[in-house]
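The values are calculated or read from the model by the stated rules, or taken from the named source; none is laboratory data. Computed from a predicted structure; not experimentally measured. Glycine gets a Cβ as well: all are built from the backbone with ideal geometry, and neighbour counts include every protein chain shown. The protein model used for the area step is the full one, side chains on, heavy atoms only, and it has no ligands, DNA or RNA in it. Shrake-Rupley method; radii C 1.70, N 1.55, O 1.52, S 1.80 Å.
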Amino acid sequence: MESSEQSLSITECKDGDLTTLGPLELLILQPTSFCNIACDYCYLPDRQLVNQMSLDTFSKIMKNIFSSNVLGSKLTILWHAGEPLAIPINFYKQVSKEIKRFSPQNCQVTQSIQTNATIINDDWCKFFKDESIILGLSIDGPDFIHDRHRKTRAGGNTHAKVMEGVKLLKKYEIKFNVICVLTSFSLGYPDEIYDFFEKNDIRQVGFNIEESEGINTSDTLSSSEIRRKFRYFMERIYKREKEGHVQIREFHKLRQYFTHSLQKASDQRIGRCDIDTRSYSVSRPLNIITVSSDGDASTFSPELLGMFSPEYPTLKFGNLTTDSIETIANSELFKKIFSDVTEGIAMCKKECDYFTMCGGGAPSNKLSENGTFRSTFTKYCKTQLQVPIDILLEDLEQEFGLTNKSK
Ligand code: SF4
């Protein structure tokens with residue numbers, strides 16, 4: 001999933017104890033599965049299908065959400081996957097009215113859109129501005145890297161169009177962050193990627209690694225050689241970030257964690273999910289709910305909604321146009337998956353030195369790589385989780401003079 005909302009949080013939920021669910025803080029809505037471009041590493045099934053969430057479906061979903069006991073005091077609605085801007089702007093104008101009309105007074109609702117930025121125009125910018133929409137853009141760096149994988153359906157380049165969108169956002173002074181997907185090719189260009197973001201005054205960037213999830217099983221980051229290249233890439237990015245102006249999500253979240261840990265050291269609450277109130281936990285049940293254009297719903301990792309596993313009849317927990325969240329939470333399927341995810345986290349806690357900082361990883365990665373939630377290490381752990389932690393810790397050790405000089 002190309003989203004900036006991944007977290008390093010841990011769950012404290014007890015198996016089968018439904019009082020520990022939620023709070024629901026991130027609702028990911030898929031307004032359409034259709035995408036107007038065709039990146040070759042995309043994991044989404046049905047991205048060629050032209051469909052759209054109806055207003056009626058949206059209203060039923062929100063009625064369910066707003067009346068649920070798991071709703072927190074803040075809710076982010078993230079429009080994501082396929083390309084949210086591929087459907088008419090009028091849909092979002094209507095839903096924005098509905099959100100204002102029906103959201104409970106004790107819940108602050110904000111909207112966010114993750115977009116490939118190829119469709120942004122003046123009308124969209126005015127709408128983003130009017131509704132204070134938070135934007136996440138998908139840009140893989142300079143054109144010779146971005147255009148290698150992010151192609152139009154006819155095989156053409158998309159970078160120039162994306163940069164037109166960036167220019168418009170800047171004209172309207174709309175803030176945005178960027179997700180940059182890393183492939184084996186882009187790992188050879190850390191400075192070019194950092195320079196690109198710095199030069200274009202793009203200040204918040206997160207790196208997602210091309211993964212073997214969903215329909216995309218051709219990931220390029222499996223070999224030890226690639227992992228070595230990734231380590232070098234992140235070391236270089238870390239060095240550049242310390243001297244530059246582009247904030248890198250992976251290091252920023254860890255710094256927040258360490259700052260919080262130092263503050264909280266006295267009460268032994270290291271690793272709790274309150275390390276960053278803007279973080280969401282993929283391992284905490286119902287903290288994130290993902291809903292397809294026809295109302296099918298899933299929780300834990302957003303990617304689960306499009307995945308299949310021989311271990312479970314389905315990874316869709318219900319349909320929010322007809323099932324309440326409480327009904328879903330009481331289903332046998334939900335309890336079974338909750339129990340398996342919890343067991344996987346307990347295994348992580350027992351076996352992995354990184355647990356206090358990681359919290360047990362993403363259930364979707366465990367399922368896609370290991371075939372079960374009841375498991376620990378994945379390629380995702382070795383790269384996206386452990387490498388940034390090692391780099392930051394080694395730097396802190398040097399800074400505080402704790403490096404073992406006899407090594
Ligand atoms: S094994 Fe992976 S998912 Fe589990 S705690 Fe360690 S780094 Fe995290």
- Task: State the Kirkwood hydrodynamic radius of the chain in Å, one decimal place, computed from all pairs of distinct Cα atoms.
- Result: 21.8 Å
- Accessible surface of residue 225 - all protein chains present, 1.4 Å probe, nearest 10 Å²: 90 Å²
- Accessible area, probe 1.4 Å, largest first, for residues 259, 183: 259, 183
- Computed magnitude of the charge dipole of the chain (debye, nearest 20; Cβ of K, R +1, Cβ of D, E -1): 520 debye
- Task: Could you pull out every one of the lysines with an alpha carbon less than 17 Å from that of residue 97, ignoring same-chain neighbours closer than 8 positions?
- Result: 60, 63, 126, 129
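Please compute the per residue accessible area over the chain with all protein chains in place, 1.4 Å probe, rounded to a whole number of Å².
That works out to 44 Å² for each residue.
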- Task: With label points built 7 Å along Cα→Cβ from the Cα atoms of residue 52 and residue 20, find their separation and express it in nm.
- Result: 4.3 nm
- Query: What FRET efficiency, computed as 1/(1 + (r/R0)^6) with R0 = 35 Å and r the Cβ-Cβ distance, is obtained for residue 242 and residue 370, rounded to the nearest 0.05?
  - Reply: 0.50
- To the nearest 0.05, the calculated FRET efficiency linking residue 173 and residue 110 through their beta-carbon distance, R0 being 22 Å, is 0.80
- What share of the DSSP beta bridges in the chain is antiparallel, in percent to the nearest 5? 20 percent
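Helix-only estimate, please: 222 nm mean residue ellipticity of the chain, summing -39500 (n - 2.57) across DSSP H runs of length 4 or more and dividing by its residues, to the nearest 500.
Per the formula, -11500 deg cm²/dmol.
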- Please report, for the Cα atoms of segment 121-245, the Rg to one decimal and the Dmax as a whole number; what are they, in angstrom? 15.7, 48
- Query: List the GluC sites (Glu not before Pro) in segment 106-196 that DSSP assigns to loop (not H, G, I, E or B) and whose Cβ has at most 12 other Cβ atoms within 10 Å. Which are they?
  - Reply: 173
- Query: So which lysines pass the test for residue 349, namely a Cα distance under 25 Å, with those fewer than 8 places away in the same chain ruled out?
  - Reply: 14, 253, 264, 335, 336, 366, 379, 382
- Message: Which one, 207, 304, 401, projects farthest toward the positive side of the charge dipole computed for the chain from Cβ point charges (K/R +1, D/E -1)?
- Response: 401
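Calculate the FRET efficiency for residue 153 and residue 314 from the Cβ-Cβ distance with a Förster distance of 22 Å, rounded to the nearest 0.05.
Efficiency for this residue pair is about 0.15.
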